[in-house]
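The block underneath contains the structure these notes are about, expressed in structure tokens.
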Ligand code: NAP
């Protein structure tokens, strides 16, 4: 298929690479020039990338980035023609997603929110899970592209519902990881080393996908970004905004948001969200010792 891929960050670069490897005709664009993808053409603007393609796929930081790439100067909007599909793998606001879809609908363009879970390794290995909102016939047309980048698709409902499900997934990841980080910190203070605790965690119901994924990085003290802390705070805020809109109270997540705010003040915005541990360690006056599993 002819695809424009917009946004070559941690996730987007790997996703576009897998599309090109699978034989799709890919044109890429990134805000900061100099990023290219082997086997793909590089365009100078979103409008140029989207010219004449069947599908425009985005993987951008946040709601404002998606809005400007779609509707800003040299945005995708000017190149949209009847029958095109926009798929968005950024994690952004569900209500803004519905609004963007309504704006492009008069041009005969369908909008499928397609946020992902699986992080950097899932993007690189083509094993992402897509959490999808949109009509079934349009999703069917996208299946060869999902197959090139991922291993599973969950259709949650109409456009916007993919984003709703994605933010409640990240709500859980943020809380589960914080539980793990607090447990490691208290254990260290109580004289129980991480490598002694880990086999117990792994043998019990405490073990989880989040712990399995994060433990080797944390114990190896590698806090480089798989999923940047600032982006997890963005998702925490998306969940809190959606909760406010729907009059739901999320006290645990509100507390975790405070921890992220201070971690960002401490200069950890571009590290992985696992680096909230560094703040807990600072408060406790201790460092969790371990070795990569
Ligand atoms: P990233 O590495 O920070 O990449 C962000 C991308 O967005 C870059 O291409 C950046 O361009 C672009 N961008 C930011 N602001 C922009 C703007 N105003 N206009 C145009 N382009 C803009 O982030 P990522 O980890 O790939 O994440 C991308 C999306 O996927 C986010 O919504 C994130 O929440 C979601 N996600 C990430 C993970 C993960 O584990 N990393 C997992 C699931 C979902 P520049 O190069 O010019 O900065």
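The values are calculated or read from the model by the stated rules, or taken from the named source; none is laboratory data. Computed from a predicted structure; not experimentally measured. For neighbour counting, all protein chains shown are included, and Cβ atoms are generated from backbone atoms with ideal geometry for every residue, glycine included.
Only residues that are in contact (Cβ under 8 Å) with a residue 60 or more places away in the chain and either more than 10 Å from the ligand (Cβ to nearest atom) or in contact with a strand residue (DSSP E or B) (Cβ under 8 Å, 6 or more places away or on another chain) (or both) were counted across the range 1-15, and they come to 9.
Among the residues making up the range 27-52, those that are surrounded by 24 or more Cβ atoms within 10 Å (Cβ to Cβ) and either over 21 Å from the mean Cα position of the chain (by Cα) or outside the structural domain of residue 151 (by TED's automatic domain parsing) (or both) are 49, 50.
Looking at residue 231, is it touching a residue at least 40 places away in the same chain (Cβ under 8 Å), under 24 Å from residue 11 (Cα atoms) and under 22 Å from the mean Cα position of the chain (by Cα)?
On the way: touching a residue at least 40 places away in the same chain (Cβ under 8 Å): yes; under 24 Å from residue 11 (Cα atoms): yes; under 22 Å from the mean Cα position of the chain (by Cα): yes.
Yes.
Listed by position, the helices (runs of 4 or more DSSP H) inside the range 106-205 whose residues that are away from the ligand (no atom under 16 Å from the Cβ) number at least 3 are 136-149, 161-189, 194-203.
With the requirement that a residue be part of a helix (DSSP H, G or I) and more than 9 Å from the ligand (Cβ to nearest atom), what does the range 16-47 give you? Working first, answer last.
Kept after step one, since they are part of a helix (DSSP H, G or I), are these residues of the range 16-47: 16-21, 46-47.
Scanning the range 16-47 gives 16, 17, 18, 19, 20, 21, 47.
Every residue in the range 218-233 that is out of contact with any helix residue (DSSP H, G or I) (no Cβ under 6 Å at 6 or more places or on another chain) and part of a helix (DSSP H, G or I), please.
Residues of the range 218-233 out of contact with any helix residue (DSSP H, G or I) (no Cβ under 6 Å at 6 or more places or on another chain): 220-222, 224-225, 228, 230-231.
230, 231 - these are the residues of the range 218-233 that are out of contact with any helix residue (DSSP H, G or I) (no Cβ under 6 Å at 6 or more places or on another chain) and part of a helix (DSSP H, G or I).
Among the residues of the range 234-256, those identified as in contact (Cβ under 8 Å) with a residue 40 or more places away in the chain, within 21 Å of residue 182 (Cα to Cα) and in a helix (DSSP H, G or I) are 235, 236, 252, 253, 256. On the basis of being in a strand (DSSP E or B) and assigned by TED's automatic domain parsing to the domain that holds residue 7, does residue 87 make the cut? It is true that residue 87 is in a strand (DSSP E or B) and assigned by TED's automatic domain parsing to the domain that holds residue 7.
Of everything in the range 54-79 that is surrounded by fewer than 23 Cβ atoms within 10 Å (Cβ to Cβ) and assigned to a loop (DSSP other than H, G, I, E, B), the residue that is nearest to the ligand (Cβ to nearest atom) is 61.
This table checks each residue for (1) buried (at least 16 other Cβ atoms within 10 Å of the Cβ); (2) more than 21 Å from the chain's Cα centre (by Cα); (3) within 21 Å of residue 121 (Cα to Cα).
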| position | (1), (2), (3) |
| --- | --- |
| 185 | yes, yes, no |
| 207 | no, yes, yes |
| 224 | no, no, yes |
| 243 | yes, no, no |
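Here's the yes/no breakdown for (1) in contact (Cβ under 8 Å) with a residue 60 or more places away in the chain; (2) closer than 24 Å to residue 225 by Cα; (3) crowded, with 20+ Cβ neighbours inside 10 Å:
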position	(1), (2), (3)
119	yes, yes, no
122	no, yes, yes
137	no, no, no
154	no, no, no
161	yes, no, no
173	no, yes, yes
178	yes, yes, yes
